[in-house]
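A.B. asks: Take a look at this one; I'll ask things after.
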Amino acid sequence: MTFCKNMKNITLLSISMLALTTLVSCGSDTSNDERQQLARQLKASANESALVSVSRFTVEGVTEDKASMKSRIAYGKTFHVKACLSSKLGKSLQYQTFYVSGENFQTVERTADDNSCIFWDEPITMDYSLPNTYLPMGERVVTLATSANISYDLKLSMNQYTNSIIHRNNYVMKTSLNKNRLSADEIINVKNVKITPKGFGQVDPRNDNLIIDQKVVVNGCLNLKANGSSLSNEFVKARLINLEKQENGEEHAVTEMYDITDGQLDESGCGEIKFYLEHERYTNTRRIPFNLEIEVQNETLQNAKVTRGLCLYPWSNNGWIFAEVSRTGKCEKDNNNQRARLFVDEVNYSFLGHDNNNGFHLNKNLDLVIEKSFIVKMYPKVNYGNYVHHMNPIEPFYQGKLKLEVYFLAPLQGDIDLTNENKHKFKLISVASREVEVENNLLKARIDMPIKFVDMPYIHTRTYAAIKLSPILREGDDPRNAPRPAWAAGTFHASSKSFHSILHTQLQVTDKFEEQDFTNTKIDKKMNEMVQLENYLEKLSNDVKGVTKKDIIAAKLAPRYNKSSEAIFSDELKKHELFDETIKVDHTGLNKKLIEENKLTTTEISKLYEDQYDSATLAKLCGTFFSQEKTGLIWKSYSDYNMKKCIESPWEFMMITPVSHVQEILSKPRVSHSNTIRISKSTGSGTYFTENRRVGFSHGYKTGVGAKLDFKLPFGEKLPVSGGVGVSAGYDWSTAWSLDRSNGDNNRSDSGQSIDLYAEAITLNFEARTHQCFMIEGTSKFKAEWISDKYPSNHGLGGRLVYNTVNNPIRYKVCKPSAGKERLEETWYFTGEGFQFNSILRDRLGMTENQYTMMFRGRKTLYKFTDFLAKASSSMFNIKERKTQSPDVYMLDVYKSYKEAFDSNHDLIDDQAIPGTVEKYDPIKNGGDHNFSEDKCELPPDQYNHASIDFC
């Protein structure tokens, strides 16, 4: 073995170290591989009794690497460490050169200072998923540069949060190491969470918006969970997750934040995060479970996020009620579990009137529909079922659009309330539906209620108005988010100018979208009844869904018969047993039946069509019933006794009835005039003394009442209650002109009672295509009979010839060759006791207590009825009685007799006129009303003054 010459640096070494040094230093005779192998072997033995050690290890400083100067989160740190070395042999290591190496560490060369300490940097990448504790960071090998076999293995542990590194060679850990990493959801923490509602956001909170966005501000402070240090000036993203929607797979379950104060957290790691939170306002009030997720936009933190459970109650703007922080994620359940519903408890109706241009509608049967216009005013509300923040769950419906439906329901048997038990006793009179706008909690709208003329008695008496308010769904709206409709009903009285109705029938039934929650036995009988009643009303609503006012009017005016009005009239004529078959002729055929001097001129025929004929025309028409043969050599006269008498007073032998058969209505009916007629009937008794001297004239003619009591009109539906039915008769109405001159003295004492009937009349003018005709009907004639006397008389013939009045069964119908346009006027009458409804004993609003209600179409139809009252009066007073009947007994008896006489089959139509046929009546021009007395006196001349001019 050969030794190197330079041995001056080797002193006081052990033989083994000397041998190592010698081998490492003198390598001329030894290969490099052999030296490295030997060094490794000696190094292993040297560490067992290391000659160099670290006596003190400290962190002299830390440099942090941050993305922003304001941020407190470093993505990396550089630890400036110091290791002071010592030799177990007492050798000074000052100014010695050392190498520091290690795994994943770039070897550095450092020279010891005068304290035998060396300095180097330990760079690390921050990992915030690590726990806040000392964790092994690897080994560092400190090697003497001049002697590779002299080194020290430095075992380091680091706490990145406390900026400290320790070497575990001489340090025993007091606690066991926690090496479990934190998940991304555990790195950060949020505290001091406060959620405050700030009114409403970008979506207008109109009540017809089913979903609104509520502006929500979330305040909170973020820190690191490991050491509690705040996340100062960090950028974050946040979102609210509706767990109900997420669980059900619904859309819009996640709401992203739209703003954060200054775009980032403040110096304290706190921020004010803002959301527009969508809110289905009409779903059942409850605390809705949400998750608040906040994510830090920092890759160093691995975009860590924190989740906090919330229970939000968006029906309140009170912060402490609006939100609760839930550690468990569970929220208190709602005790009602029903959607909100619209609610209305009272309504005001103001009668606006009739639209003269568009308020009246006719069909070819002359069925009349009148549009009654009302102003409806109410204050709709929303009933949320239950509230957490106050006791009253009802709030005003401030603004928005709703669908308003109004139904007029008439009780057929006098019911005073609408219930499930009696709903089948109500008749639907009219309905109106329209969209309405609510402003400042006020709903005010005009409704036009089309009402059939024959249904007027129902709305004159007690009627129910059922109100339905329902939401208007836009495209995309979920009906489950809409409030349930409001159904309420209360009394209605159309005769009042203004009527306030308390809607005492309120339906608060189950939610059909939540009906599975109510299918148990908890539903009591009352709830079931309300459900059935709502179903009944909902059926009415479904029946008119999508139906316009025009459709409703058309349905009310649907033709009742497949036949034309002329065919219906002809069928009716065949039912009159007291007439032979009607003879139909035209103008030419009528004149062929008359001798030359009796033939009618064109003007006379035209006036017959318009009910404007005179006595001369009537006299000519006598030839249609009786023989026109004349006898006599110089002065010829009619040989027929009836012809002679008819010429003298033709009105006693015939009736003229002009009619127009409507084929089509050509114009909108307009009001010509209207009025109210009083029909008074009185009874009484009295005593009197009178002295009277009288001179006077009386002119009049009698009608064939006794011969025409079989005239019945079997058309239309019957009224469903007692009273309120109409009748008609086949005799004509006449007027009489008279003049009395009298003087005298009279002392009188009377007592009596009366019942007043009133007839409201409205006359419409309209253009129609008609076929004009007139009827010539025989009333009576004389029949000669020989009466034998007991004693010889009459020049010994033993009897005499008398003329008795008998029925004349001949009837003609004369019509124009073709139909044409005609301007018509027709009058409709509503009759009853009057319209004073204040009574302490009677229920004047009840249909069953208004038995004198009748409906008439046509002047002649009404006058036939009043004429019957007059004839009935005569019959009554011809009966010898001790006391006169009281007017109520009398009137009831008259009505009963009238029905028995003219309605034995209970088949009268409602307006008591033949469908589609207008009977002409001309009281103004006095046509057909000229009356003559036996002395051939004509009507008084114009400007007649009875004091200076003789009447006849």
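A.B. asks: Just subtract the alpha-carbon distance of E435 and L243 from 0.36 nm times their residue separation and send over the number in nm, one decimal.
C.D. replies: Net length gain for the segment: 65.5 nm.
A.B. asks: Another one. Could you give the accessible area per residue of segment 52-167, probe 1.4 Å, as a whole number in Å²?
C.D. replies: 48 Å²
A.B. asks: Net charge near K401: determine it from the other residues with C-beta under 12 Å of the C-beta of K401, scoring Lys and Arg +1 and Asp and Glu -1.
C.D. replies: That works out to 0.
A.B. asks: Pop out the carbon and sulfur fraction of the accessible area of segment 188-312 as a percent, whole number, probe 1.4 Å.
C.D. replies: Ligands and nucleic acids excluded, carbon and sulfur give 41 percent.
A.B. asks: Quick check for segment 52-167: number of Lys pairs with alpha-carbon distance under 20 Å, counting only pairs 8 or more apart or on different chains?
C.D. replies: Close lysine pairs found across segment 52-167: 5.
A.B. asks: Same structure again: May I ask you to give the solvent-accessible area per residue for segment 188-312, in square angstrom, as obtained with a 1.4 angstrom probe?
C.D. replies: Values: 5160 Å² over 125 residues.
Averaged over the residues of segment 188-312, the accessible area is 41 Å².
A.B. asks: If one puts a single equal scatterer on every Cα of segment 52-167 and applies the Debye formula without solvent, what log₁₀ I(q)/I(0) results at q = 0.21, 0.23 Å⁻¹?
C.D. replies: For segment 52-167 at q = 0.21, 0.23 Å⁻¹, log10 I(q)/I(0) is -1.14, -1.31.
A.B. asks: Then there's this: What ³J(HN,Hα) values, in whole Hz, does the Karplus curve 6.51 cos²θ - 1.76 cosθ + 1.60 give for segment 451-463 when θ = phi - 60°, with x put for Gly and Pro?
C.D. replies: 10, 5, 4, 6, 9, 4, x, 6, 7, 6, 9, 5, 10
A.B. asks: Continuing with the same structure: Taking amide H positions as placed in the peptide plane 1.01 Å from N, state which residues far from A323 in sequence (5 or more) or on other chains have amide H under 5 Å from it.
C.D. replies: Here the answer is Y313, since their amide H atoms fall under 5 Å of that of A323.
A.B. asks: Go ahead and run the numbers for FRET between V671 and K497, Cβ-Cβ distance against an R0 of 22 Å, rounding to 0.05.
C.D. replies: With R0 = 22 Å, the Cβ-Cβ based efficiency is 0.75.
A.B. asks: Still on this structure, please answer the following. Quick check for me: using +1 on Lys/Arg Cβ and -1 on Asp/Glu Cβ, what's the dipole size of segment 188-312 about its Cα centre, in debye to the nearest 20? Could the numbers behind the result be given before it?
C.D. replies: Working: 15 positive and 19 negative charges, 103 e Å.
Charge dipole of segment 188-312: 500 debye, to the nearest 20.
A.B. asks: Which ³J(HN,Hα) values, rounded to whole Hz and listed in residue order, are derived for segment 583-598 from phi using the Karplus coefficients 6.51, -1.76 and 1.60 in 6.51 cos²θ - 1.76 cosθ + 1.60 with θ = phi - 60°, glycine and proline given as x?
C.D. replies: Once θ is set to phi - 60°, the couplings for segment 583-598 become 8, 9, 9, 9, 4, 5, x, 5, 5, 5, 7, 10, 6, 4, 6, 9 Hz.
A.B. asks: What does the extension gain come out to for L442 and E421, with contour length at 0.36 nm per residue minus their alpha carbon separation?
C.D. replies: That works out to 4.2 nm of additional length.
A.B. asks: Amide H to amide H, which residues 5 or more places from N303 or on other chains are under 5 Å from it, using H placed in the peptide plane?
C.D. replies: N298
A.B. asks: Right, next: Under a plain spin-label model, where a point goes 7 Å from the Cα along Cα-to-Cβ, how far apart in nm are K330 and D543?
C.D. replies: Distance between the two pseudo-spin positions: 5.1 nm.
A.B. asks: At A555 and F105, where each label point lies 7 Å from the Cα along Cα→Cβ, what is the point-to-point distance in nanometres?
C.D. replies: Using points 7 Å along Cα→Cβ, the separation is 9.4 nm.
A.B. asks: A follow-up question, please. So which of K550/K864; K364/K452; K372/K425; K593/K645 end up more than 26 Å apart by C-alpha?
C.D. replies: Violating the 26 Å Cα-Cα cut-off are K550/K864.
A.B. asks: Charges only on Cβ, +1 for Lys and Arg, -1 for Asp and Glu: so what's the dipole of segment 369-448 about the Cα centre, in debye to the nearest 20?
C.D. replies: 120 debye
A.B. asks: Quick one: 3J(HN,Hα) in Hz for segment 378-392, Karplus 6.51/-1.76/1.60 with θ = phi - 60°, rounded, Gly and Pro as x.
C.D. replies: 7, 10, x, 9, 10, 9, 8, x, 7, 10, 8, 8, 7, 6, 7
A.B. asks: Give, in nm to one decimal, the length gained when the segment between D153 and S373 is fully stretched (0.36 nm per residue of separation minus the Cα-Cα distance). Each step should come with its number before you reach the end.
C.D. replies: Numbers: separation 220, 0.36 × 220 = 79.20 nm, distance 10.44 nm.
Using 0.36 nm per residue and subtracting the Cα-Cα distance, I get 68.8 nm.
A.B. asks: For segment 188-312, please report how many Lys pairs fall under 26 Å Cα to Cα, leaving out neighbours fewer than 8 apart on the same chain.
C.D. replies: Qualifying lysine pairs in segment 188-312: 29.
A.B. asks: Charges at C-beta only: +1 for Lys and Arg, -1 for Asp and Glu. How large is the resulting dipole of segment 52-167 about its Cα centre, in Debye rounded to 20? Intermediate values should be presented prior to the final figure.
C.D. replies: Numbers: 11 positive and 12 negative charges, 48 e Å.
Roughly 220 debye for segment 52-167.
A.B. asks: Please list the non-local residues whose amide H lies under 5 Å from the amide H of H80, H modeled 1.01 Å from N, same-chain partners needing a gap of 5 or more.
C.D. replies: It is E60, G61, V62, T63, E122, by chain and number.
A.B. asks: Would you work out if segment 380-422 is rounded, prolate or oblate? Take a ≥ b ≥ c from the square roots of the eigenvalues of the alpha-carbon gyration tensor; rounded if a/c is under 1.5, else prolate when a/b is larger than b/c, oblate otherwise.
C.D. replies: It is oblate, given that a/c is not under 1.5 and a/b is not larger than b/c.
A.B. asks: Say R0 is 56 Å: what FRET efficiency, to the nearest 0.05, do S92 and D259 get from their beta-carbon distance?
C.D. replies: Once the sixth-power term is evaluated, E becomes 0.25.
A.B. asks: Continuing with this model, one more query. Let's test the formula: R0 of 56 Å, r as the Cβ-Cβ distance of K70 and D345. What FRET efficiency results, to the nearest 0.05? Walk me through the numbers on the way to the answer.
C.D. replies: Values: r = 60 Å, r/R0 = 1.08.
With R0 = 56 Å, the Cβ-Cβ based efficiency is 0.40.
The values are calculated or read from the model by the stated rules, or taken from the named source; none is laboratory data. None of these values were measured; they are calculated from a predicted model. Every residue, glycine among them, receives a Cβ derived from its backbone with ideal geometry; neighbour counts consider all protein chains shown. The accessibility values were calculated without ligands, DNA or RNA, using every heavy atom of the protein model including side chains. Shrake-Rupley method; radii C 1.70, N 1.55, O 1.52, S 1.80 Å.
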